[in-house]
1. Inside the range 230-251, can you point out the residues that are under 21 Å from residue 200 (Cβ atoms), modelled with pLDDT of 95 or more and not in a strand (DSSP E or B)?
2. State the number of residues belonging to the range 34-50 that are part of a helix (DSSP H, G or I), surrounded by fewer than 16 Cβ atoms within 10 Å (Cβ to Cβ) and touching a helix residue (DSSP H, G or I) at 6+ places or on another chain (Cβ under 9 Å).
3. Within the range 79-94, take every residue that is out of contact with any strand residue (DSSP E or B) (no Cβ under 7 Å at 6 or more places or on another chain) and surrounded by fewer than 16 Cβ atoms within 10 Å (Cβ to Cβ) and give me the one that is nearest to residue 151 (Cα to Cα).
4. Collect the residues in the range 193-220 that are assigned to a helix (DSSP H, G or I), out of contact with any helix residue (DSSP H, G or I) (no Cβ under 8 Å at 6 or more places or on another chain) and in contact (Cβ under 8 Å) with a residue 24 or more places away in the chain, keeping them in residue-number order.
5. Take the range 94-103 and flag every residue that is touching a helix residue (DSSP H, G or I) at 6+ places or on another chain (Cβ under 8 Å) and assigned to a loop (DSSP other than H, G, I, E, B).
6. Need the failing condition index for residue 251 against (1) closer than 30 Å to residue 209 by Cβ; (2) in contact with a helix residue (DSSP H, G or I) (Cβ under 8 Å, 6 or more places away or on another chain); (3) crowded, with 16+ Cβ neighbours inside 10 Å, just the number.
């Protein structure tokens, strides 16, 4: 790859590195639930801070950031303060599934049980948004009172949960579902429950390979379904099912949710998209953002002059994708901002990843 617009690419590399660093910062803030307290927030508010500003002030101390450093201020304002939102618990507690499915219980290594968000505990409540500078913005939410949500655990580790993030990120796919629907992955059954409430959805076929998930669903969740007659579960591996006589072609809508996050699901996401069955995937925006990160890492390495030997081996699937992008773009010449924009477009990234 020949890069003639080096300054443009260097600016993108800087943004990409900030995106990666901010994601690590957010993960740390989401993981440490005791860094906020009601008393600390109120003390800062008494000094004239808004609730959001008080939370950001605590994060400055938590990350040990210099408040006089303009780069720190820009990052905290752009990535944190501008995306911070106090959530209304009733918006989620009145969800039909949340109101209907309340049974706790255990079946083997899996269990349904309630967990809590503590007051002011931060979490991602929706899919990321990517602006025209390719800055990745997380939706950061919190409640001011304890908030309970039902979760499915495996060996006492949360496998999935019906929290605000699940509810928000599923909205566009629930809206799109119609007719005869195929769902890849069962989980807690939130997506099929919400689809079954729609008159335009006639039948929902769910593919799930784990018999323990099917068992706990059938015994503890399905009895609470309003339209359980619309639900059919088939024990099979999703890709194997789709490859058998191209069964996906017999459905009006196909939705996949087979991963916990984009990193662990990227290989499956790519494999599904290669089937060319018009499958909509949970967290698709995040998958594309991950591909874009990998492409920009490649651009950074090309600025450093790396050649064929650097792309012979891969330790992870992400490394494998970077190697793949290298070989697909070896003859590419980037001369203008438009060339870079075309390279990093969602459509082009997915096209390169699939071919």
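1. 230
2. So the count comes out to 3.
3. Only one residue tops the list, namely 93.
4. Of the range 193-220, the ones assigned to a helix (DSSP H, G or I) are 193-196, 211-220.
Next, only the ones that are out of contact with any helix residue (DSSP H, G or I) (no Cβ under 8 Å at 6 or more places or on another chain) stay: 211-220.
Passing the criteria: 211, 212, 213, 214, 215, 216, 217, 219, 220.
5. Taking the range 94-103 first, the residues touching a helix residue (DSSP H, G or I) at 6+ places or on another chain (Cβ under 8 Å) are 95-103.
Passing the criteria: 95, 101, 102, 103.
6. (2)
Rundown of residues vs (1) closer than 27 Å to residue 198 by Cβ; (2) assigned to a strand (DSSP E or B); (3) in contact with a helix residue (DSSP H, G or I) (Cβ under 8 Å, 6 or more places away or on another chain), yes/no style:
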residue	(1), (2), (3)
73	no, no, no
114	no, yes, no
145	no, no, yes
150	yes, yes, yes
158	no, yes, no
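The values are calculated or read from the model by the stated rules, or taken from the named source; none is laboratory data. Treat the numbers as computed from the prediction; the structure is a model and nothing was measured. Note that each Cβ is placed from the backbone with ideal geometry, even for glycine, and that neighbours are counted across all protein chains shown.
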